[in-house]
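Heads up: the structure comes next, in structure tokens.
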Amino acid sequence: MPTFSGEYRYTIDDKNRLSIPSKILDKIDKEKDGTGFAITLGLDGCLFMYTSKKWEDIVAKAANLDIQDPKSRRFQRDLLSKVQEIPGCDQQGRILITPNMKKLANLEKKVVIIGIIDRIEIWDEKTWEKYESNKSE
């Protein structure tokens with residue numbers, strides 16, 4: 001499993017394409033991790049992006065949650081109903097961010113991509129800066 005890290009600033013283009021940093025893409029072993037990605041609603045106002053293999057692991061764990069527990073049901077619904085599975089990056093290392101995904105995370109043009117161990121977070125730049133300024137309080 002790749003270990004992602006770093007903070008990168010990018011822009012969503014007019015066709016809703018977002019470049020994924022080469023430092024992140026270079027850590028993915030397509031045979032072990034898959035070629036595609038899953039993007040879903042994250043926490044704290046961002047999107048979570050996983051490799052295909054990691055997404056399979058997450059779905060398996062979510063399937064084992066107790067559906068009698070309201071918090072577990074809500075987590076399953078939020079995680080799985082909002083997912084956008086994509087086959088992979090185009091030749092320029094870009095992915096398509098659907099209008100629905102943009103709306104979920106209030107993404108505008110400028111975004112921050114964060115590598116966090118086994119996931120990639122996609123934040124609107126203003127939301128990320130607000131989050132960063134509030135963590136010292």
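The values are calculated or read from the model by the stated rules, or taken from the named source; none is laboratory data. Bear in mind the structure is a predicted one, so any value in this text is a computation, not a measurement. Here the Cβ positions follow ideal geometry from the backbone for every residue, glycine too, while neighbour counts run over all protein chains shown.
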Do we have residue 50 as on the phi < 0 side of the Ramachandran plot and in contact with a Pro (Cβ under 8 Å, 6 or more places away or on another chain) here?
no
Tell me, which residue of region 97-114 that is in contact with a Ser or Thr (Cβ under 7 Å, 6 or more places away or on another chain) and part of a loop (DSSP other than H, G, I, E, B) is farthest from residue 23 (Cα to Cα)?
106
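Results for (1) of a type in the set (Ser, Thr, Tyr); (2) modelled with pLDDT of 90 or more; (3) not in a helix (DSSP H, G or I), shown as yes or no for each residue.
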{"residue": "27", "(1), (2), (3)": "no, yes, yes"}
{"residue": "31", "(1), (2), (3)": "no, yes, no"}
{"residue": "54", "(1), (2), (3)": "no, yes, no"}
{"residue": "57", "(1), (2), (3)": "no, yes, no"}
{"residue": "80", "(1), (2), (3)": "no, no, no"}
{"residue": "95", "(1), (2), (3)": "no, yes, yes"}
{"residue": "116", "(1), (2), (3)": "no, yes, yes"}
{"residue": "130", "(1), (2), (3)": "no, yes, no"}
What single numbered condition from (1) assigned to a loop (DSSP other than H, G, I, E, B); (2) farther than 20 Å from residue 3 by Cα; (3) modelled with pLDDT under 95 fails to hold for residue 62?
(1)
Note on region 84-134: residues surrounded by 15 or more Cβ atoms within 10 Å (Cβ to Cβ), more than 20 Å from residue 33 (Cβ to Cβ) and among the β-branched types (Val, Ile, Thr) are 97, 111, 112, 127
Log entry, pairs with first residue in region 64-92 being closer than 30 Å to residue 25 by Cβ, second being of a type in the set (D, E, K, R) and outside any strand (DSSP E or B), beta carbons closer than 7 Å, six or more apart or on different chains, reads none
Against the definition (at pLDDT 95 or above and either surrounded by 14 or more Cβ atoms within 10 Å (Cβ to Cβ) or not hydroxyl-bearing (Ser, Thr, Tyr) (or both)), how does residue 37 come out, yes or no?
yes
Only one of 52, 72 is more than 25 Å from residue 13 (Cα to Cα) and either of a type outside the set (D, E, K, R) or crowded, with 16+ Cβ neighbours inside 10 Å (or both), namely 72
